[in-house]
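Peer 1: For reference, the structure I am asking about is given below.
The values are calculated or read from the model by the stated rules, or taken from the named source; none is laboratory data. Computed from a prediction, not measured in an experiment: that's the story for all the values here. Using ideal geometry, Cβ is built from the backbone for each residue, glycine included, and neighbour counts are taken over all protein chains shown. Side chains are part of the model used for accessible areas, which takes the heavy atoms of the whole protein and leaves out ligands, DNA and RNA. Shrake-Rupley method; radii C 1.70, N 1.55, O 1.52, S 1.80 Å.
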Amino acid sequence: KGFEINVQQPFTFLPGFLKDFGVIGNYTYVKSDIDYLTAATPGAPLVTATLVGLSKHAANGTLYYENESFSIRGSVAYRSGFLTSVPGRNNNFVEGVNGSINYDMRASLNITRQIEVSIEGINLTNQANDQYVDFTNRVNAYRVTGRQFYFGVRFAY
């Protein structure tokens, strides 16, 4: 059960350079519970939890500016925690990943009609991947992959 809301709104109704701005956003809510078997034997206990890989809350937002020669956008993505395994390994009831917020950006400039240069930044705040075991949220893995930057040149012929 759940719902999703999406909006995409260019600000073309605004005067001057403001007409080149716009926003994109969405929010998703999902409630899902399922009974997982903890063993293949009759009478094994059940664990009631959410579907594996599914976050209860997820949201994305982008603010952009775009015209014929220049484009820039900043984005934020939120995902609440989710389970990765039920039952977990080593007699743990579950394994999962805690929620995260990621910030990204991209800018591009058309030098000519055929040449575009761009820069992109991913995970600008250096958000960690925080994995846990059991409902007590014991740390299983804590990975920090760092910020990533990409520079590009595109040629169209």
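Peer 1: Evaluate the Debye formula for the range 1-127 with equal point scatterers sitting on the alpha carbons, no solvent, and hand back log10 of I(q)/I(0) at q = 0.15 Å⁻¹, in q order, two decimals.
Peer 2: -0.84
Peer 1: On to the next question. Starting from the residue with the highest accessible area, list Arg154, Arg73, Arg143 in decreasing order, probe 1.4 Å.
Peer 2: Arg154, Arg143, Arg73
Peer 1: Suppose a student asked you for the relative contact order of the chain, using Cα pairs under 8 Å spaced at least 6 residues apart; what percent would you report?
Peer 2: Value for the chain: 15 percent.
Peer 1: Which whole-number percent is the relative contact order of the range 72-157 (Cα, under 8 Å, 6+ apart)?
Peer 2: 27 percent
Peer 1: Can you work out the accessible area per residue across the chain, with the rest of the protein chains kept in place, probe 1.4 Å, in square angstrom?
Peer 2: It amounts to 67 Å² per residue over the chain.
Peer 1: Counting only protein heavy atoms and a 1.4 Å probe, tell me what percentage of the chain's accessible area is made up of carbon and sulfur.
Peer 2: 58 percent
Peer 1: Between Phe93 and residues 5 or more places away or on another chain, which pairs have amide H atoms under 5 Å apart, with H built 1.01 Å from N, and which residues are they?
Peer 2: So Phe93 has HN proximity to Gly88, Asp134, Phe135.
Peer 1: Output ³J(HN,Hα) for the range 50-63: one whole-Hz value per residue in order, computed from phi by the Karplus curve 6.51 cos²θ - 1.76 cosθ + 1.60 with θ = phi - 60°, and x for Gly and Pro.
Peer 2: Couplings: 6, 5, 4, x, 10, 7, 5, 10, 8, 8, 9, x, 9, 10 Hz.
Peer 1: Indicate the gyration tensor shape class of the range 88-157 (rounded, prolate or oblate), computed on the Cα atoms with a ≥ b ≥ c the square roots of the eigenvalues: a/c under 1.5 is rounded; otherwise a/b larger than b/c is prolate and the rest oblate.
Peer 2: Note, shape of the range 88-157 comes out prolate.
Peer 1: Also, I was wondering about something else. The range 35-144: which GluC sites (Glu not before Pro) are DSSP loop and have at most 14 other beta-carbon atoms within 10 angstrom?
Peer 2: Listed in order of number, the matching sites are Glu68.
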